[in-house]
Amino acid sequence: MSQPELPALTIAELQGLLRRREVAPREVLESLRAHIEATEPKIDAYLSLDFEAAADEAAKVDVDLPLGGVPIAVKDIINVKGQPCTCGSKILGSYRAPYDATVIRRFRAAGAIPFGKTNMDEFAMGSSTENSSFKVTRNPWDPARVPGGSSGGSAAAVAADAAFGAVGTDTGGSIRQPAALCGVVGVKPSYGRVSRFGLVAFASSLDQVGPLTKTVRDSAMIMIATAGHDPKDSTALNQPVPDYTAGLGRDLRGMKLGLPKEYMIEGIDPQVKAAVDAALKQLESLGAEIVDVSLPHTDYGIAVYYFLATAEASANLARFDGVRYGHRAENPRDLLDHYGRTRGEGFGQEVKRRIILGTYALSSGYYDAYYLRAQKVRELIRQDFAKAFAKVDAIVSPTSPVPAFKLGERTADPLAMYLADIFTNTGNLAGICGISVPCGLAKIDNAQLPIGLQLLGKALDEARIFEIAHAYEQSTEWHKAKPPAPAK
Ligand code: GLN
């Protein structure tokens, strides 16, 4: 195989070549590096790259391991020893990770090679990656549009073949939504399925690390390598990790898929609706039965999510005080001045907005009215899903109500930005798992823009949504669609 073709491979294909010794890990890295040099000026997906460290790993990696020699891109909120970990924030601009996150340790144990950190909304707050303090990542399908967010760098890199696969984090949709907008597969594992140790916390009761890949099989492979119990994270469930690739290829006969009537909202783009309708027909033709279900508290999802996520963020971000790590204001007058200026200079606008909102929601006198109330509605949302899953194997919906929007289009209106998560954040509130798979291409202006189909599964039922998503994916051509080659 000629070098320029290598980056277009899936992880499964690449792993096959590596195992058969048809290509060496070093060659893989070299061709990836050359491809990234061509794509980065157009998409700006990475915040840092370290091919020297990666080459050292490649020289000694065992290619017979499950991901032996496969380079992996990592969202810049996950600690990789010796590498920057900025979280897209000036406050961590000069920070280097002193240790590996558990997912990174597991990747290394499986032979995967981290080589670069991807751009993101600051502290994972956003839906377009425009809240990064460092650069604007562009959607490979149309450079005038956003890649989605907050894991926009990871999604854009995979879509442009500038990564074989990546990991991101999903607190309210930040893996699934950018995956949908860039035309790749993205998985939010069930809460507790993957260790959060070494992930910089945004909202600890919602955060999960998960894969962004070219195919469903590749995501299943990453989940096998990274999921499971971790004594360093008390919320990482002590449950065996199934072989998520075992059920791939099964047909969908007897499978019941729920269509929530509350998801057919106004404001959903007609081309997204048409693509999802066609996907439902396709799933039926594969043997699945589509059943109406109701998730009556869906309307409260955005409000509940933005109270709870900001409340948790306000507590988690208190650690960035300029004392232990990161940016420190110069010549403070006193301690308060030190805190005020360090945080004032280090955090961007959206992060400040959320700290203020979250602090308010938690403050004495308002706690009962906002935080506690939101927790109660969260429980009702969880029960909605439990009732629906008593009738169906998985729930189907669009991932995002709209395809990729234009850069700048929503930056002045935080509420419009928050609506990007309307179909995704209830899944985080309920702790269940979800996947986005490409299901169509919208034509807007002169661009073709990917559309994502979301499948939600019961907690710890990842195997099921992989099965369904794989059957759908393999019966369509959408996953083979590639963005136009960047103009020279
Ligand atoms: N867009 C959501 C937010 O801004 C989701 C972010 C995420 O999942 N990390 O909070």
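The values are calculated or read from the model by the stated rules, or taken from the named source; none is laboratory data. The structure displayed is predicted, hence computed values, not measured ones. Using ideal geometry, Cβ is built from the backbone for each residue, glycine included, and neighbour counts are taken over all protein chains shown.
Look at residue 94 and say whether it is of a type in the set (S, T, N, Q), surrounded by fewer than 17 Cβ atoms within 10 Å (Cβ to Cβ) and either touching a residue at least 12 places away in the same chain (Cβ under 8 Å) or within 22 Å of residue 194 (Cβ to Cβ) (or both). Considered against the rule, which asks whether it is of a type in the set (S, T, N, Q), surrounded by fewer than 17 Cβ atoms within 10 Å (Cβ to Cβ) and either touching a residue at least 12 places away in the same chain (Cβ under 8 Å) or within 22 Å of residue 194 (Cβ to Cβ) (or both), residue 94 comes out as yes.
Could you look through the stretch 107-131, keep only residues that are among the hydroxyl-bearing types (Ser, Thr, Tyr) and touching a residue at least 60 places away in the same chain (Cβ under 8 Å), and pick out the one that is surrounded by the fewest Cβ atoms within 10 Å (Cβ to Cβ)? Here the residue is 127.
The condition of being away from the ligand (no atom under 16 Å from the Cβ), of a type in the set (A, V, I, L, M) and over 11 Å from residue 73 (Cα atoms) holds for residue 97.
Those residues that are free of Cβ contacts under 8 Å to residues at least 40 places away in the same chain and more than 23 Å from the chain's Cα centre (by Cα), I need them from the stretch 58-81; list them, please. Within the stretch 58-81, 59, 60 meet the criteria. Does the stretch 154-168 contain any residue that is part of a loop (DSSP other than H, G, I, E, B), within 13 Å of the ligand (Cβ to nearest atom) and either at pLDDT 95 or above or surrounded by 24 or more Cβ atoms within 10 Å (Cβ to Cβ) (or both)? The answer is no; no qualifying residue exists.
If a residue has to be away from the ligand (no atom under 16 Å from the Cβ), among the β-branched types (Val, Ile, Thr) and outside any strand (DSSP E or B) to count, how many in the stretch 104-153 make the cut? Result for the stretch 104-153: 2. If you scan the stretch 433-444, which residues turn out to be out of contact with any strand residue (DSSP E or B) (no Cβ under 6 Å at 6 or more places or on another chain) and either aliphatic (A, V, I, L, M) or free of Cβ contacts under 8 Å to residues at least 40 places away in the same chain (or both)? Matches in the stretch 433-444: 444 only.
Kindly evaluate residue 395 against the criterion of being at pLDDT 95 or above, within 16 Å of the ligand (Cβ to nearest atom) and either within 26 Å of the chain's Cα centre (by Cα) or of a type in the set (Gly, Ala, Ser) (or both). No.
Can you confirm whether residue 319 is surrounded by fewer than 21 Cβ atoms within 10 Å (Cβ to Cβ), over 25 Å from residue 203 (Cα atoms) and of a type in the set (D, E, K, R)? Outline the logic, then answer.
Numbers: surrounded by fewer than 21 Cβ atoms within 10 Å (Cβ to Cβ): yes; over 25 Å from residue 203 (Cα atoms): no; of a type in the set (D, E, K, R): yes.
So residue 319 fails the test.
Can you run down the residue pairs with Cβ atoms below 9 Å, 6 or more apart or on separate chains, where the first is in the stretch 306-332 and closer than 24 Å to residue 422 by Cα and of a type in the set (Phe, Trp, Tyr) and the partner is within 12 Å of the ligand (Cβ to nearest atom) and part of a loop (DSSP other than H, G, I, E, B)? Final answer for the pair search is 306/172.
Examine the stretch 239-248 for a residue that is without any contact (Cβ under 8 Å) to a residue 60 or more places away in the chain and under 17 Å from the mean Cα position of the chain (by Cα), and state whether such a residue exists. Checked against the condition, which is being without any contact (Cβ under 8 Å) to a residue 60 or more places away in the chain and under 17 Å from the mean Cα position of the chain (by Cα), the stretch 239-248 yields no hits at all. Being over 30 Å from residue 346 (Cα atoms), modelled with pLDDT of 95 or more, outside any helix (DSSP H, G or I) and within 14 Å of the ligand (Cβ to nearest atom) is true of residue 186.
Filter the stretch 345-366 down to residues that are farther than 30 Å from residue 92 by Cα and in contact with a helix residue (DSSP H, G or I) (Cβ under 9 Å, 6 or more places away or on another chain), then give me how many there are.
Filtering the stretch 345-366 down to residues farther than 30 Å from residue 92 by Cα leaves 364-366.
Going one step further and asking which of them are in contact with a helix residue (DSSP H, G or I) (Cβ under 9 Å, 6 or more places away or on another chain), we end up with 366.
Residues that pass the stated criteria total 1.
Per the conditions (1) farther than 17 Å from residue 381 by Cβ; (2) small (Gly, Ala, Ser); (3) within 16 Å of the ligand (Cβ to nearest atom), the sole criterion not satisfied by residue 285 is (3). Of the helices (runs of 4 or more DSSP H) lying entirely inside the stretch 362-459, the ones with 1 or more residues being surrounded by fewer than 20 Cβ atoms within 10 Å (Cβ to Cβ) are found at 373-389, 414-418. Condition check for residue 248 on (1) modelled with pLDDT of 95 or more; (2) under 29 Å from residue 298 (Cα atoms); (3) of a type in the set (A, V, I, L, M, F, W, C): one failure, at (2). Selection of first residues in the stretch 22-50 that are surrounded by fewer than 16 Cβ atoms within 10 Å (Cβ to Cβ) and in a helix (DSSP H, G or I) and of second residues that are at pLDDT 95 or above and hydroxyl-bearing (Ser, Thr, Tyr), restricted to Cβ pairs under 9 Å at least 6 apart or on distinct chains, gives an empty result. Criterion applied to 181, 252, 206 was being more than 13 Å from the chain's Cα centre (by Cα) and touching a residue at least 12 places away in the same chain (Cβ under 8 Å), and the one residue passing it is 252. Do we have residue 476 as crowded, with 20+ Cβ neighbours inside 10 Å, among the polar types (S, T, N, Q) and over 17 Å from residue 145 (Cβ atoms) here? So residue 476 does not fit the description; no.
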